[in-house]
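Chemist: Sharing a structure here in structure tokens format.
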Amino acid sequence: MTEKDQVGFVSMAGKKAENEAPEVGIGMLGYAFMGKAHTNGYKKIPYLVYPPPAIPKLVSIAGRSPDAVQEAAKRYGYQKFTTDWQTLINDDDVVLFDNCGPNSMHVEPTIAAAKAGKHIVCEKPLAPNAKQAEAMLDAVTKAGVKHMVAFNYRFVPAIRQAYQLISSGALGEIFHFRAQYLQEWIVDPDFPMTWRFDKDVAGSGALGDLGAHIIDLGRFLVGEPRKVSSLTQTFIKERPLADGSGTGKVTVDDAFVSVVEFENGAVGTLEASRFCPGRKNYQIIEINGSKGSIQFNLERLNELEVFWKDASPKETQGFTNVLVSESYHPFWEYWWPQGHIIGWEHTFVHELTHMLDCIVNDKAVAPLAADFEDGYKNAVICDAILESAKKEKHISIKY
């Protein structure tokens with residue numbers, strides 16, 4: 001490099017381009033599983049989604065434990081940390097409040113953030129019940145801020161491809177929506193009590209944890225449900241307390257099954273359980289229409305099984321496995337050459353990029369992402385499923 005080149009290089013390093021993306025300050029509540037996933041998404045955006053709609057600036061992170069939240073701030077790269085979420089919300093440098101706390105911590109901090117004029121991302125389920133979700137929807141509507149519920153599976157390329165196929169009419173009239181979300185992680189009776197087993201904190205069990213995702217995908221891909229008929233089961237009624245001092249009562253469902261009728265006449269089944277040995281993160285969806293069928297398995301995230309009823313030649317007709325990784329597939333302009341697959345973590349890159357774009361360019365969050373109206377409707381359906389199981393009857397969905 002010549003001396004002239006070196007001078008030019010140094011001068012450009014200190015210069016801010018006129019068209020450089022604006023910064024959006026991020027304030028995050030929660031630092032565990034989802035806090036890590038969201039932070040990872042923010043950190044990847046500036047160099048993978050290029051040019052980015054905005055540069056996420058990791059301003060502050062809040063959590064209950066002083067030592068743990070300080071460690072999280074250091075690990076993730078947040079400038080500040082606090083054990084008081086109100087301090088985070090009152091921080092003028094925070095533009096986007098990202099709520100990754102437990103379900104019981106979604107309502108009060110999120111409503112406060114809306115009143116403070118912050119844009120909001122909130123993890124699912126939006127609230128432990130529909131009444132609280134409605135209060136959150138009212139708050140963001142009155143405040144006029146952007147709001148998104150983190151139903152990240154809308155941002156899987158194969159799911160978005162399925163959405164495009166259905167909305168274009170390629171599948172024809174939709175007859176069936178069939179969905180399961182199965183995991184194995186609490187089948188051991190010695191697995192200790194956590195907040196996820198407490199109705200006062202979580203709202204529900206497998207229903208809110210897993211079922212909320214497939215309910216959202218049913219609404220996203222097929223449409224609004226008209227009524228549900230459901231049952232729930234709690235297999236293990238008590239679990240050992242983490243400190244070894246005894247046992248605690250499990251007050252949520254371990255599994256649920258529901259039959260759904262959609263407003264467009266389609267019928268569906270929903271099932272979620274955390275008691276399925278061998279199932280790690282098994283979310284499978286099948287949609288049958290008058291012109292064909294599609295099937296998706298989250299454990300094979302880059303693939304979509306497609307069947308066309310009128311494909312020819314008839315002798316070779318059957319489901320085709322499509323690797324959704326071509327340059328023309330959804331979101332692949334950000335990634336690698338075809339066949340170089342992406343993973344679960346990258347859905348957060350897509351989702352949070354969408355939110356930043358909506359903030360800085362004043363775009364609507366829905367219908368491609370779930371906003372708080374979607375989160376509220378999801379909570380109404382979850383409540384109806386629990387009511388149906390309790391009363392042993394069909395329950396109509398009423399928003």
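Chemist: Would you tally the residues in segment 320-348 being in a helix (DSSP H, G or I) and either under 30 Å from residue 225 (Cβ atoms) or at pLDDT below 95 (or both)?
Modeler: 3
Chemist: Scan the helices (runs of 4 or more DSSP H) fully inside segment 88-198 and keep the ones with 3 or more residues being in contact (Cβ under 8 Å) with a residue 60 or more places away in the chain and crowded, with 20+ Cβ neighbours inside 10 Å.
Modeler: 130-143, 157-167
Chemist: Kindly indicate whether residue 257 is assigned to a strand (DSSP E or B), within 22 Å of the chain's Cα centre (by Cα), free of Cβ contacts under 8 Å to residues at least 60 places away in the same chain and under 30 Å from residue 200 (Cα atoms). Outline the logic, then answer.
Modeler: Working: assigned to a strand (DSSP E or B): yes; within 22 Å of the chain's Cα centre (by Cα): yes; free of Cβ contacts under 8 Å to residues at least 60 places away in the same chain: yes; under 30 Å from residue 200 (Cα atoms): yes.
Against the criterion (assigned to a strand (DSSP E or B), within 22 Å of the chain's Cα centre (by Cα), free of Cβ contacts under 8 Å to residues at least 60 places away in the same chain and under 30 Å from residue 200 (Cα atoms)), residue 257 qualifies.
Chemist: Quick one: residue 56 ticks every box in (1) assigned to a helix (DSSP H, G or I); (2) under 20 Å from the mean Cα position of the chain (by Cα) except a single one, so which number is it?
Modeler: The single condition residue 56 does not satisfy is (1).
Chemist: Here's something else I'd like to know. Determine if segment 218-229 includes at least one residue that is of a type outside the set (Asp, Glu), part of a loop (DSSP other than H, G, I, E, B) and surrounded by 14 or more Cβ atoms within 10 Å (Cβ to Cβ).
Modeler: Just the residues of segment 218-229 that are of a type outside the set (Asp, Glu), to begin with: 218-223, 225-229.
Add one more test, that the residue is part of a loop (DSSP other than H, G, I, E, B), and what stays is 222-223.
Still in the running and surrounded by 14 or more Cβ atoms within 10 Å (Cβ to Cβ): 222-223.
Yes, segment 218-229 has at least one match.
Chemist: Also: Only one residue in 99, 90, 103, 40 is in contact with a strand residue (DSSP E or B) (Cβ under 7 Å, 6 or more places away or on another chain) and among the polar types (S, T, N, Q), so which one is that?
Modeler: Working: 90 fails: in contact with a strand residue (DSSP E or B) (Cβ under 7 Å, 6 or more places away or on another chain); 103 fails: in contact with a strand residue (DSSP E or B) (Cβ under 7 Å, 6 or more places away or on another chain); 40 fails: in contact with a strand residue (DSSP E or B) (Cβ under 7 Å, 6 or more places away or on another chain).
Answer to the check: 99.
Chemist: If you don't mind, there's one more thing I want to ask. Output the number of the condition that residue 345 fails; it satisfies all remaining conditions of (1) over 16 Å from the mean Cα position of the chain (by Cα); (2) acidic (Asp, Glu); (3) surrounded by fewer than 20 Cβ atoms within 10 Å (Cβ to Cβ).
Modeler: Looking at each condition in turn, residue 345 falls short on (1).
Chemist: May I ask you to verify whether residue 56 is surrounded by fewer than 22 Cβ atoms within 10 Å (Cβ to Cβ) and either of a type in the set (Ser, Thr, Tyr) or closer than 12 Å to residue 349 by Cα (or both)? Outline the logic, then answer.
Modeler: Working: surrounded by fewer than 22 Cβ atoms within 10 Å (Cβ to Cβ): no; either of a type in the set (Ser, Thr, Tyr) or closer than 12 Å to residue 349 by Cα (or both): yes.
Taking the combined requirement at face value, the residue does not satisfy it.
Chemist: Please go through (1) over 23 Å from residue 182 (Cβ atoms); (2) aliphatic (A, V, I, L, M); (3) in contact (Cβ under 8 Å) with a residue 40 or more places away in the chain for residue 294 and return the number of the only condition it doesn't satisfy.
Modeler: Failed condition: (1).
The values are calculated or read from the model by the stated rules, or taken from the named source; none is laboratory data. Only a predicted model underlies this, so the values are computations on that prediction, with no experimental measurement involved. Virtual Cβ from ideal backbone geometry, glycine too; neighbours counted across all protein chains shown.
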